[in-house]
Amino acid sequence: MKIINKETGAILEASDEIARGYLKNPSFVQLKEELPVKKRARKEELQMVLSVEEYKGMSRLENFPSDDAIKKVIKEAEEDVNIMTYGRIYARGFDTLSAFQQEKVKLAVARQADFRSQYSDLLSNPLSSYSINGVSMSWDKSVLTKSNGVDTSRDVTGVLNQTGLTYQGVY
């Protein structure tokens, strides 16, 4: 007999005797029909989470490059955010997230795109400081943080932490 936990969506297949024990708990119900298996889109078929227009509305930047350049930086930011969430967004699909999570993910993608636009030179530079003729310059890396190997800002990680998708335990 197959039973489903209404709270978690977990499906259990057990002997009738064991299933009847579970059914005493109101969180479980008997599964009457087979649930259709939702096919996940392959990574190449994934739609962008954030449109160019949405990005321009959420961005803190004042000057924008061409739409093609924006699409490229959004795509890179989306991949960063997916990595920071341990692949959960691509694995489950953006549409399966709650409305709150979707809004926070969009905001995180916009902030990560801004971050990449502003700090791409700093992130790709192996130097942390330099000095010429007694004048020195160093980069303040306190604004930087790493999340699952991705360079980002504390702002982006703060927004993503609100979604619960960055939780490192079993999700």
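Details
- Residue in the stretch 34-51 that is open to solvent by 60 Å² or more (accessible area, probe 1.4 Å) and modelled with pLDDT of 75 or more present: no
- Residues of the stretch 97-137 that turn out to be surrounded by fewer than 18 Cβ atoms within 10 Å (Cβ to Cβ) and either outside any helix (DSSP H, G or I) or modelled with pLDDT of 90 or more (or both), as a count: 18
- Residue-level analysis places Ile74 outside the set of residues that are closer than 30 Å to Gly9 by Cα and modelled with pLDDT of 90 or more.
- Selection count, the stretch 62-80, where residues are within 10 Å of Ala113 (Cα to Cα) and either aliphatic (A, V, I, L, M) or open to solvent by less than 70 Å² (accessible area, probe 1.4 Å) (or both): 8
- Neighbours by Cβ (under 7 Å, 6+ apart or cross-chain): first from the stretch 63-84, in a loop (DSSP other than H, G, I, E, B); second aliphatic (A, V, I, L, M): Phe64/Ile70
The values are calculated or read from the model by the stated rules, or taken from the named source; none is laboratory data. Since the structure is predicted, the reported quantities are computational estimates derived from the model, not experimental observations. Note that we place each Cβ from the backbone using ideal geometry, even for glycine, and neighbour counts take in every protein chain shown. Accessible surface areas use protein heavy atoms only, side chains included; no ligands, DNA or RNA. Shrake-Rupley method; radii C 1.70, N 1.55, O 1.52, S 1.80 Å.
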